[in-house]
Amino acid sequence: MKYLEETYDVVVAGAGHAGCEAALACARLGLETIIFTVSIDSIALMPCNPNIGGSSKGHLVRELDALGGEMGKNIDKTFIQSKMLNGSKGPAVHSLRAQADKREYSNSMRRTLENTDHLTIRQAEVAQPIMEYLEFRGVKTVYGSIYHAKAVVLATGTYLRARCIFGDVSNPTGPNGLQAATHLTDSLIKNGVEMFRFKTGTPARVDRRSLDFSKMTEQLGDHPVVPFSFSTDPASVQKEQVSCWLTYTNEETHRIIRENLDRSPLFSGVIEGTGPRYCPSIEDKVVKFPDKNRHQIFVEPEGLYTNEMYLSGMSSSLPEDVQYEMYKTVPGLEHVKIVRNAYAIEYDCINARQLKTTLEFKAIAGLFSAGQFNGSSGYEEAAVQGFMAGVNAAMKILGREPVVLDRSQAYIGVLIDDLVTKENHEPYRMMTSRAEYRLLLRQDNADLRLRAIGYEIGLVDRSEYERVLQKEKDIDAEIHRLETTAIGVTERVQHFLELHHSTPLKSGITLAELVRRPELDYFMLTDIDDQRPDLPPDTAIQININIKYEGYLKRQKQQVAKFKKMENKKLDEHFDYSQVKSLRLEAVQKLNLYQPASIGQASRISGVSPADISVLLIYLEQKRRKGL
């Protein structure tokens, strides 16, 4: 029998948030790329929460945008409410979050893919890899068609052998009842890939006409709106926004849940996969936090042209009748009508320690991996991995150096390093607390940190890059002016200080010293600074932060310098660490298992102690002296 046979540079399996970014990156770099999906209607699908960004996740999206990714641009076109979270806290944890019109988000991304040169979309299930001497040479679909390629990116999301579960119901489908991918897992296992079984969940979607919003607290969007993408004109996103709503569970809700735990597949053993610790189901919350008498529930619209509302914070796998019973105890939900039941979903993913920091498999050349398939959770975590996997697949084909971001450069670097270096036995979620250098890795300066890298890759155009160069010059020039401009003791100045409850002057002072006062900032000084240049708001924010936090920033840069020294001490690939005398047995086993690229990465492996690192440093120095 004869089957279809085609050749591309890159094959991408999966068209979720990871697959879209991977395919776009490769195609925009001029490589002939084909992206497979089990359903064209699932391109950039948002099967769970209807938003992009959030705490730490907003950082990822802005970093992705600075590098030349698409997610930030797409949410700017399709958001219905936008908020900067943690605004009352320091700038390191400020995070942008936008509610999306789910359907339009997916449609908009699909239009982008369909109109990108060098990119082909194909609805088909990838069934098995085509291997040749431990190198990936393409894929075969369930139809028997063969697609030869120089590199393959697997971004299968939660579709591999997926199973949706609530109560006694267990459906062998992917999210939203879409077709699961059932063939690829066995093929990967036969080729030596270690697989995990993870699970995640989602709450019910309900009819807004059945809700009583008078019993909830309205949650409004920000004015003005800050766009996600550095390329988006801020004026274009100032629009009317929809409201979200806040309500709470109560003791009655918790009583119903406790009385029905024996019917929950999560506790009865029906669910085999490991779920995310930081995004638990409502039954998990009730069991693990018995002292809490209520939990927040955010009621969020799924779009402008639907009555479906998402009950954020109340995901569940309880039976249908129990879902109705518990939801109706929540203020405002007394007469709720469920449109889609809450459910848990199990799926296959890999142990990410099998990957290099480029997201290429260590043992299978040309095979890259991204997104929830790598054991992470979340749209944003998936998108940045897809981008980096796609870029590195392209770099490999084009004969260029790989692109690896370290922990001091980006949250993306932290995420990938954690995935490939640490033992992750549950879906990995990005958090600001995971980033050691978070004062430097703010969401507001992602363009200053990463635009140049995006330009070097070839995914940021010259005009965008020059805009960042000009921004850097403007920031440096204005900080210099503030540091060297003295202001005298005048009636106008004293009145300004009195108005802002700031200590009066006894002698002259620089404008920068006034900015450093806790009760003042750069923006307030407009009233007494007649020479101030007219600068864009995002530039002014950088000036304010750089002056106010100068000491902290300097200290963190010193920490980064020490970190870089350890990262620059490279280790050989495929090295047998049993040759290093004085290393503990556990360290030998872990180092041989992970094959770290540097001393820095080795130091972050669980089971490798500071004493082991000292032994490795001595070993490297001895090698250097011997000229090996």
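The values are calculated or read from the model by the stated rules, or taken from the named source; none is laboratory data. Only a predicted model underlies this, so the values are computations on that prediction, with no experimental measurement involved. Using ideal geometry, Cβ is built from the backbone for each residue, glycine included, and neighbour counts are taken over all protein chains shown. Accessible surface is based on the protein model in full, side chains and every heavy atom, while ligands, DNA and RNA are left aside. Shrake-Rupley method; radii C 1.70, N 1.55, O 1.52, S 1.80 Å.
Structural remarks
- Sequence-distant lysines (8 or more away, or on other chains) whose Cα lies within less than 29 Å of LYS292: LYS57, LYS83, LYS89, LYS199, LYS215, LYS328, LYS337
- Modelled this way, with points 7 Å down the Cα-to-C-beta line, the labels at GLN559 and SER502 are 2.9 nm from one another.
- With the simple spin-label model, which puts each label point 7 Å out from Cα in the Cβ direction, the ARG624 to LYS190 separation comes to 4.8 nm.
- Counting DSSP beta bridges with both ends in the chain, the antiparallel % (nearest 5): 70
- Using the Cα coordinates of region 294-423, the gyration tensor eigenvalues translate into equivalent-ellipsoid semi-axes of 40, 15, 14 Å, sorted from longest to shortest.
- Selection from LEU4, GLY16, PHE36, by position along the positive dipole direction of region 1-59 (Cβ): GLY16
- Listed residues ARG625, ARG555, ARG438, ARG122 arranged by accessible area, highest first, probe 1.4 Å: ARG625, ARG555, ARG438, ARG122
- GluC sites (Glu not before Pro) restricted to DSSP loop in region 536-588 with at most 14 other C-beta within 10 Å: GLU573
- Shape parameters for region 571-620, alpha-carbon atoms, Rg then Dmax in Å: 9.1, 22
- Each of LEU246 and VAL142 was given a label point 7 Å from its Cα along the Cα-to-Cβ line. The distance between the two points is 4.5 nm.
- For region 469-549, the calculated P(r) over all alpha carbon pairs, in 10 Å bins from 0 to the bin holding the longest distance, is 17, 55, 24, 4 percent.
- C-alpha center-to-center spacing [region 453-502, region 329-372] in angstrom: 42
- Protection-proxy order for peptides 400-406, 379-385, 459-465, 160-166, each taking the mean of Cβ atoms within 10 Å per residue, highest first: 379-385, 160-166, 400-406, 459-465
- Computed about its Cα centre, the charge dipole of the chain is approximately 1700 debye, with only Lys, Arg, Asp and Glu carrying charge at their Cβ.
- Projecting the Cα atoms of ASN424, ILE412, ALA389 onto the dipole axis of region 359-446, where Lys and Arg carry +1 and Asp and Glu carry -1 at the beta carbon, places ALA389 farthest toward the positive end.
- Within the shell defined by Cβ-Cβ distances under 15 Å, the residues around HIS335 carry a net charge of +1, with Lys and Arg each +1 and Asp and Glu each -1.
- Distant-in-sequence amide contacts of THR182, defined by a placed amide H-H separation under 5 Å and a gap of 5 or more residues or a different chain, comprise ARG161.
- Selection from LEU304, ASN250, VAL237, by position along the positive dipole direction of region 219-329 (Cβ): ASN250
- Of the chymotrypsin sites (Phe, Trp or Tyr not before Pro) found in region 480-581, the ones in coil according to DSSP and having at most 13 other Cβ atoms within 10 Å of their Cβ are PHE523, PHE575.
- Fully extended contour minus Cα-Cα distance, from GLU132 to LYS337, at 0.36 nm per residue: 68.4 nm
- Per-residue 3J(HN,Hα) values for region 88-95, derived from phi via the Karplus relation 6.51 cos²θ - 1.76 cosθ + 1.60 with θ = phi - 60°, read 7, 9, x, x, 5, 10, 4, 9 Hz in sequence order (x marks Gly and Pro).
- Net charge dipole, region 463-542: roughly 260 debye, given to the nearest 20, about the Cα centre with Cβ charges of +1 for Lys and Arg and -1 for Asp and Glu.
- Built amide H within the under 5 Å cut-off of ILE487, gap 5+: ILE509, THR510, LEU511
- In the full protein context, the chain carries 43 Å² of accessible surface per residue, based on a 1.4 Å probe and ignoring ligands, DNA and RNA.
- Diagonalising the gyration tensor over the Cα atoms of region 131-242 and scaling each eigenvalue by 5 before taking the square root yields semi-axes of 41, 25, 12 Å, largest first.
- Computed lengthening from ARG294 to ASN171, 0.36 nm per intervening residue step minus Cα-Cα distance: 41.1 nm
- Built amide H within the under 5 Å cut-off of GLY375, gap 5+: ILE350
- Counting heavy atoms of the protein chains alone, VAL468 has an accessible area of about 10 Å² for a 1.4 Å probe.
- Sequence of LYS557, LYS73, LYS565 from largest to smallest accessible area, 1.4 Å probe: LYS565, LYS557, LYS73
- Fully extended contour minus Cα-Cα distance, from GLU426 to GLN494, at 0.36 nm per residue: 18.7 nm
- The spread of Cα positions in region 148-190, taken along each principal axis and listed from longest to shortest, comes to 44, 22, 12 Å.
- Accessible-area rank, largest first, for TYR327, TYR343: TYR343, TYR327, with all protein chains present and a 1.4 angstrom probe.
- The charge dipole of region 1-136, taken about its Cα centre with unit charges on the Cβ atoms of Lys, Arg (+1), Asp and Glu (-1) only, comes to about 880 debye.
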